[in-house]
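Here is the structure we will look at.
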Amino acid sequence: MNEKFKLKYAPHFGQFRALAGEDLVDQVKFVADQGFTALEDNDMMKRTPAEQEAVARAMDRRDLTMGVFVASAIWGEQTWVHRENRDLLVGKMKEAVEVAKRVNARWTTVVLDSFDPGLEWDYQTANVIDNLKACAEVCEPSGLVMVLEPLNAWTNHPGLFLSKIPQAYMICKAVGSPSCKILDDLYHQQVTEGNLIPNLDMAWDEIAYFQVGDNPGRNEPTTGEINYLNIFQHLHRKGYAGVIGMEHGTRAVRELNRRRKAGKSISPAEEQAAERTLIEAYRKVDDF
């Protein structure tokens, strides 16, 4: 058993497949043994109830916090910006509440899908706010928190309605519910607007969750331009006790995959060593 990290960094299933195997419960055990105290799974709603319950039991035994799972991300659709979709969205949130109860989750990711170029932006914003208010009413009794994720339009997600932290802050203020907050993915915000620490300070009272990835490349901290040691130290000093999702790739693993596609043979030892670089990177940025 390794020393626990100071902050609740949350690996994803599959990031340690070579070291822990394919079984989800074995992966839970492995991340706990490495000192991680949380885990997130975007695909949790797609898993069977039996899988969800097995993961929840394993996490409970190892005292791991369940991070986000995705409740709503309908890529390419203009779902949230139109009021006639409210029943659909409320139905999705009711499903998310049941999954959250099953896996002991407090947060669920909401992506506000695409904007409509044929509708005035302010009408779209008003519709988004009203739709979120209706969904928040579903979440509030159980304590589930929708976290709205602004995504960058430059390298990953062109055409989405929500792209910046100030925009998300304004929407959350308008919704006015403890069940509607911000997911600040620092990778996306570095691409979109930078100014990471001042922006998170300005929006602090509406931020409930963080995700990370370095830029360029969207790999682990220490591989790009973002000074995550300073950022994590800043979060620690502010008393942040929530989850920090590791929603990114691993540079060494990506390199092995490129070699594999080029027809090179990759040994199990190489795959395991590549995955260990991810743990080593988080030890470096947790050293404060």
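As for the stretch 223-234, it holds at least one residue that is surrounded by 17 or more Cβ atoms within 10 Å (Cβ to Cβ), assigned to a helix (DSSP H, G or I), of a type in the set (A, V, I, L, M, F, W, C) and at pLDDT 95 or above.
Each row is one residue, and each column tells you yes or no for (1) under 23 Å from G67 (Cα atoms); (2) touching a residue at least 40 places away in the same chain (Cβ under 8 Å); (3) not hydrophobic (A, V, I, L, M, F, W, C).
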site: V138; (1), (2), (3): yes, yes, no
site: A153; (1), (2), (3): no, no, no
site: F161; (1), (2), (3): no, yes, no
site: D185; (1), (2), (3): yes, yes, yes
site: D214; (1), (2), (3): yes, no, yes
site: P221; (1), (2), (3): yes, yes, yes
site: G224; (1), (2), (3): no, no, yes
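Yes/no matrix, rows are residues, columns are (1) farther than 18 Å from P150 by Cβ; (2) of a type in the set (A, V, I, L, M, F, W, C):
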| position | (1), (2) |
| --- | --- |
| T37 | yes, no |
| A58 | yes, yes |
| L64 | yes, yes |
| V68 | no, yes |
| M93 | yes, yes |
| D113 | no, no |
| N127 | no, no |
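For the stretch 5-45, a tally of residues being of a type in the set (D, E, K, R), within 14 Å of I244 (Cβ to Cβ) and in a loop (DSSP other than H, G, I, E, B) returns 1. Among the residues of the stretch 104-132, those that are surrounded by fewer than 21 Cβ atoms within 10 Å (Cβ to Cβ) and within 19 Å of P49 (Cα to Cα) comprise N104, R106.
Every listed requirement among (1) touching a residue at least 24 places away in the same chain (Cβ under 8 Å); (2) over 20 Å from E140 (Cα atoms) is met by G194 save one, (1). For the stretch 8-28, filtering for residues that are closer than 20 Å to N42 by Cβ, surrounded by 18 or more Cβ atoms within 10 Å (Cβ to Cβ) and in contact (Cβ under 8 Å) with a residue 40 or more places away in the chain leaves 7.
For the stretch 47-87, filtered to residues that are more than 22 Å from L162 (Cα to Cα) and either modelled with pLDDT under 95 or hydrophobic (A, V, I, L, M, F, W, C) (or both), the residue that is surrounded by the fewest Cβ atoms within 10 Å (Cβ to Cβ) is A50. Scanning the stretch 268-279 for residues that are in contact (Cβ under 8 Å) with a residue 24 or more places away in the chain, surrounded by 10 or more Cβ atoms within 10 Å (Cβ to Cβ) and either over 24 Å from the mean Cα position of the chain (by Cα) or not in a helix (DSSP H, G or I) (or both) gives E271, Q272.
Every residue, every condition in (1) over 16 Å from A96 (Cα atoms); (2) not in a loop (DSSP other than H, G, I, E, B), yes or no:
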| site | (1), (2) |
| --- | --- |
| L112 | no, no |
| L119 | yes, no |
| Q124 | yes, yes |
| I129 | yes, yes |
| A136 | no, yes |
| C139 | no, yes |
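Against the condition surrounded by fewer than 22 Cβ atoms within 10 Å (Cβ to Cβ), polar (S, T, N, Q) and within 30 Å of A136 (Cβ to Cβ), how does S265 come out, does it pass? In short, no. When the stretch 232-270 is filtered for residues that are within 16 Å of R283 (Cβ to Cβ) and among the hydrophobic types (A, V, I, L, M, F, W, C), the ones remaining, listed by number, are F232, I244, M246, A252.
Against the conditions (1) out of contact with any strand residue (DSSP E or B) (no Cβ under 8 Å at 6 or more places or on another chain); (2) under 18 Å from V128 (Cβ atoms), S179 satisfies every one except (1).
The values are calculated or read from the model by the stated rules, or taken from the named source; none is laboratory data. No experiment lies behind these values; they were computed from the predicted model shown. Here Cβ is always computed from backbone atoms with ideal geometry, including for glycine, and neighbour counts include all displayed protein chains.
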